[in-house]
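Working notes, structure below.
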Amino acid sequence: MEHIILDTNIFIKENFLDGKRIRELLKLSEEGKIKIVMTVITVGEVKNRFRIFSRIAVQNLNEYKNQFESRVLRNSSVGKKIYDRIVNKDIEKEFNDEFDAILLKSKVIIIDYLDLNIGNVFGKYFKNEFPFGGGDKKYEFPDAFALELIEKWSAEQNIKCRIFSSDKDFLNYESDHLEITKNYESYLDQKLQFYLTEEDRITVLSKVFENSSEKIDGEIETWYRYILDDNSLYYSFVWVEIHH
């Protein structure tokens, strides 16, 4: 079983749960064809980024609706829906509930905080070592703790995980337990090609059997009748043995 880890920026690139690829990856995990792993930190980061993005979106939408020319849309049944009241908290709660539900449905492994040694992270922070490489350090802490969690979990499970991320902090990380790449699209295409090919073969065979079921039944019946009527089967036995 392949274990893959999704970073926050993959969800952002896929417009969170709206993207077709993210849905396909979660479906593969649900079907047991891959195993998706996420840290509790990443789950929180996805929800936080959605909250930030959705509030900006609602603000931009309200500014658009307040423009004088925009009012003309009220003359259309579709346009009137734009002016329906939108509450930020409702949007965030709906997403959070759906996100939690789909992670559960997809059997995603959530790495908890465990007994994480924060000394390793703060040691890198004070020495300005990776992933604290010159940006705003307070924003680099989630990545640092997430990597520490993933590293520890992978070592304890004695498995090698593949991380999908476009974040340079992840891409520059070297580990014996982690393979880090940003090209999740190619990975998904290869997986879908493999499994769809297998499913197509099964579908074709099912259709062939369904369309030829009467013919197959007839051939089986003919074969059994031939075997039962074949007296040569009894040549090696005496009559008494056959009777009994």
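The values are calculated or read from the model by the stated rules, or taken from the named source; none is laboratory data. All values reported here derive from a predicted model rather than from experimental measurement. All Cβ positions, even for glycine, are placed from backbone atoms using ideal geometry, and neighbour counts span all protein chains on display. Calculation scope for accessible area: heavy atoms of the full protein, side chains included, ligands and nucleic acids excluded. Shrake-Rupley method; radii C 1.70, N 1.55, O 1.52, S 1.80 Å.
Quick notes on this structure:
- Once the stretch 166-197 is narrowed to residues that are in contact with a Lys or Arg (Cβ under 6 Å, 6 or more places away or on another chain) and not in a helix (DSSP H, G or I), the residue that is modelled with the highest pLDDT is Glu179.
- Only one of the numbered conditions (1) out of contact with any strand residue (DSSP E or B) (no Cβ under 6 Å at 6 or more places or on another chain); (2) β-branched (Val, Ile, Thr); (3) open to solvent by less than 70 Å² (accessible area, probe 1.4 Å) is not met by Val40, and that is (1).
- All positions within the stretch 74-89 that are under 27 Å from Ile52 (Cβ atoms) and either open to solvent by less than 80 Å² (accessible area, probe 1.4 Å) or in contact (Cβ under 8 Å) with a residue 24 or more places away in the chain (or both): Ile82, Tyr83, Ile86, Val87, Asn88
- Filter result (open to solvent by 40 Å² or more (accessible area, probe 1.4 Å) and among the small types (Gly, Ala, Ser)) within the stretch 159-176: Ser166
- In the stretch 15-43, the residue that is nearest to the chain's Cα centre (by Cα) out of those that are in a helix (DSSP H, G or I) and without any contact (Cβ under 8 Å) to a residue 12 or more places away in the chain is Arg23.
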